[in-house]
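Here is the structure we will look at, set down as structure tokens.
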Amino acid sequence: MTERIPRLALGAIPYYWSREQIELFYAQVADAPVEIVYIGETVCAKRKEMRTRDWLALGEELAAAGKDVVLSTLVLLEAEADLRTLRRICANGRFMVEANDMGAVRLLQGESFVAGPGINIYNDRALTRLAALGLKRWVFPVELARDTLVALQAIRPAYIETEMFVYGRIPLAYSARCFTARHLNLQKDDCGFCCHAYPDGLLVSSQEGAPFLNLNGIQTQSAQTYNLLTQLPELIELGIDVLRIGPQREHTLEIIEIFDRVRRGEGEPQDFDCMLEGYAPVRACNGYWHDEPGISQHDTYPGMHPALASQDVL
Amino acid sequence: MELVCPAGSLPSLKAAVDHGADAVYIGFRDQTNARHFAGLNFDAVTMETGIRYARARGTHVYLALNTYPQPAGWPRWQTAVDRAADLGVDALIAADLGVFDYATSTWPELRLHLSVQGSAANYEAIRFYHEHFGIKRVVLPRVLSLRQVEHLVQFCPVEVEVFGFGSLCVMMEGRCFLSSFAAGESPNSCGACSPARAVEWRETPTGLETRLGGMLIDRFGLDEKAGYPQVCKGRYQVNGQTYYALEEPNSLNTLSLLPQIRAAGVTAIKIEGRQRSPTYISQVARVWRAAIDACERDAAGFVPRPEWVAQLNKVSEGTHTTLGAYHRPWR
């Protein structure tokens, strides 16, 4: 079997950046070695720095730069206004859409769509059911381990692509409450868009000072950064079609470069892994892949010094 | 409105039935349901006994099969669906697309409810499950305001069940990995939030520490009541402040909203707590039965009676109750 080089995808920006920051970021991404770019608001319906038409215009620019653009959608859709925006995105007629809620799947059925991290596909029966509705690509649930990926890769319908989240802070939970507003004693209805002040989220540590979570509006992320760089050879062998990188405020382009070089075989993963560690705001983790608590960091690569491998592991 | 009570054991089921539940919800003794705790839930014999007991008294039995099977575990979920159908449960409460797919293709007569674990917070999502699997009811996540519930019911093709009382999930259920992040098991994958094997209670000279997977979740002074360590209810440091960064350990109590919930067109009120004792179930079922009956008789004149409030406060987790997301300022 000839192994194909997987494509690289950049996930949607989870944080609330200014319009200028967003435009500058994507101007750089246009020249970066990612083939697929997900754009749009996935976390908070109140964030209005970019309207749907602005995302569509940005999508055109990225498409002109040769990117395969996918419009991403909210994970938590509550209000009628949220559904109106969703319908508009789903009916855009130009770009493929990533569903993060079954409401989006309903609107997208019959055409090609991506099932994002908000859609729970834990078994082949679920995958096959969505495949019959037009699913083109699915994102493997982040909390699941290697063995389940192996099993699902073996039985997935041949025309379905598998995308794997390989780098970034892990989206762990979504709430009706805004935790950034709560931190500042503001009400969600009158939040003043306070998450603007935290372009990488707001770090939560235990009372012992151990970094644990990261607050991003209504979303709770991991403080640690999921990093599967050293698993790349195995992911390629498993026939993963797309590798997803989550954007962060700093170093996203360098991170993309590293994954690009490693996927092309221009260097061993372990040669770059220490660099990636340095780009993680806190540290890396990969427990989910090894069927362990997600926060843990497991044998980064064979031959690593045990003292390093166990460093900072709870 | 229908009163739906939890039953984590045969004595709890009997307590719920005897104290006025219109329906009870139960689960098998394994990870096929979202309250998989040691010593909890039903084996084949107790389930049959329980169903017979409930049925003889006109109470419905719903079976929660609301976790997400992975390929290696699939046969267990499939068998559970078959057994539920054989036992003649009144409804199956499911979340996973694969489980729904199997249930509808194998047991087309089986009544299906969409679990809160299915994360359906809008009517487009509910329509999806209705159109594809013919669900008859949805259990709404505890993230919607009352106004949003009212709006949703107008466009929802199926019956709506809401949580009325019990532990408050501040996160959108079915999409919360906080437990597996710290402890390796989540409600989705294993039916467990904060699995007991990963929980530690550590006495220290200044009080009690609770940990999950080694991570310090909270410290309690000698005069404080310690709560079970769930990630969403811990006290953490953020920018130098130590506080409940996500949610205080309050529990949900919507008794005072009962007339509005009824007017919104909600079909059923769900009580949380399959992990709670038969005594708890008796007390809570009795109060809610009386309250729902009073509300049905005279919704306009409905006022929660002080003794109901006192009884519910006495059994609530933590010391405070909240209206949760139903009340906008909470959000």
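Under 5 Å between amide hydrogens, which residues at least 5 positions from A:Y226 or on another chain qualify, with H placed 1.01 Å from N in the peptide plane?
HN-HN under 5 Å from A:Y226: A:G168, A:R169, A:I170, A:C285.
Under a Cβ-only charge scheme (Lys and Arg +1, Asp and Glu -1), can you give me the dipole magnitude of chain B about the Cα centre, in debye to the nearest 20?
340 debye
Roughly what % of Cα-Cα distances in chain B sit above 37 Å, to the whole percent?
Everything past 37 Å amounts to 14 percent.
By counting other Cβ atoms within 10 Å of each Cβ, how are A:E143, A:E161 ranked from fewest to most?
Lowest to highest Cβ neighbour count: A:E161, A:E143.
Looking at chain A only, what percent of DSSP beta bridges run antiparallel? Nearest 5 please.
Antiparallel bridges: around 35 percent, rounded to the nearest 5.
Largest first and in whole Å, what are the equivalent-ellipsoid semi-axes of the range A:1-84 based on the Cα gyration tensor, each being the root of 5 times an eigenvalue?
25, 16, 11
Which value, in nm² and rounded to one decimal, describes the direction-averaged projected area of the C-alpha convex hull of the range B:110-253?
10.8 nm²
In whole Å, what are the extents of the range A:65-182 along the principal axes defined by its C-alpha atoms, from largest to smallest?
Taking max minus min along each principal axis of the Cα atoms, the range A:65-182 gives 42, 35, 33 Å.
Of all alpha-carbon pairs in the protein assembly as shown, indicate the percentage at a distance above 37 angstrom.
When every Cα pair of the protein assembly as shown is considered, 33 percent fall beyond 37 Å.
I need two numbers for chain A: Rg to one decimal and Dmax as a whole number, Cα atoms only, in Å.
Radius of gyration, then largest Cα-Cα span, for chain A: 18.8, 58 Å.
Return the distance in nm (one decimal) between the two label points of a simple spin-label model at A:D241 and B:R305, each offset 7 Å from Cα along Cα→Cβ.
Taking the simple label geometry, A:D241 and B:R305 are separated by 6.2 nm.
Are there any helices in chain B, counted as whole DSSP H runs, that stretch 27 Å or more along their axis by Cα and score at least 0.5 on average by Kyte-Doolittle, and if so which?
Taking the DSSP H segments of chain B (at least 27 Å long, mean hydropathy at least 0.5), we get none.
Under the Kirkwood approximation applied to all pairs of distinct alpha-carbon atoms, what is the hydrodynamic radius of the range B:195-248 in Å?
Roughly 11.4 Å, rounded to one decimal.
Once label points are set 7 Å from the Cα along Cα→Cβ at both B:W107 and A:E234, what is their separation, rounded to one decimal in nm?
Label-label distance for B:W107 and A:E234, simple model: 3.7 nm.
Which ³J(HN,Hα) values in Hz, rounded to whole numbers, follow from the phi angles of the range A:196-210 under the Karplus curve 6.51 cos²θ - 1.76 cosθ + 1.60, where θ = phi - 60° and Gly and Pro get x?
3, 6, 10, x, 10, x, 10, 6, 10, 10, 6, 5, 8, x, 7
Compute the distance from the alpha-carbon center of the range B:153-216 to that of the range A:256-300, in whole Å.
After rounding, the separation between the Cα centres reads 29 Å.
Hey, with R₀ at 35 Å, roughly what FRET efficiency would A:I5 and A:E60 work out to, going by the Cβ-Cβ distance, to 0.05?
0.80
For a 27 Å ceiling on Cα separation, which of these pairs sit above it: A:K188/B:K233; A:K188/B:K136; A:K48/A:K136; A:K46/B:K233; B:K14/B:K233; A:K46/B:K314?
The answer is A:K188/B:K136; A:K48/A:K136; B:K14/B:K233; A:K46/B:K314.
For B:L112, enumerate residues with amide H under 5 Å from its amide H, sequence gap 5+ or separate chain, H modeled in the peptide plane.
Residues meeting the criterion, in which the H sits 1.01 Å from N, are B:L92, B:K136.
Please list the non-local residues whose amide H lies under 5 Å from the amide H of A:V70, H modeled 1.01 Å from N, same-chain partners needing a gap of 5 or more.
The answer is A:V37, A:Y38, A:I39.
Here, each number is a calculation from the coordinates, and none is a lab measurement. It should be emphasised that the depicted structure is a prediction, and the values quoted were computed from it without experimental measurement. When we count neighbours, we look across all protein chains shown, and the Cβ atoms used for this are built from the backbone with ideal geometry, even at glycine.
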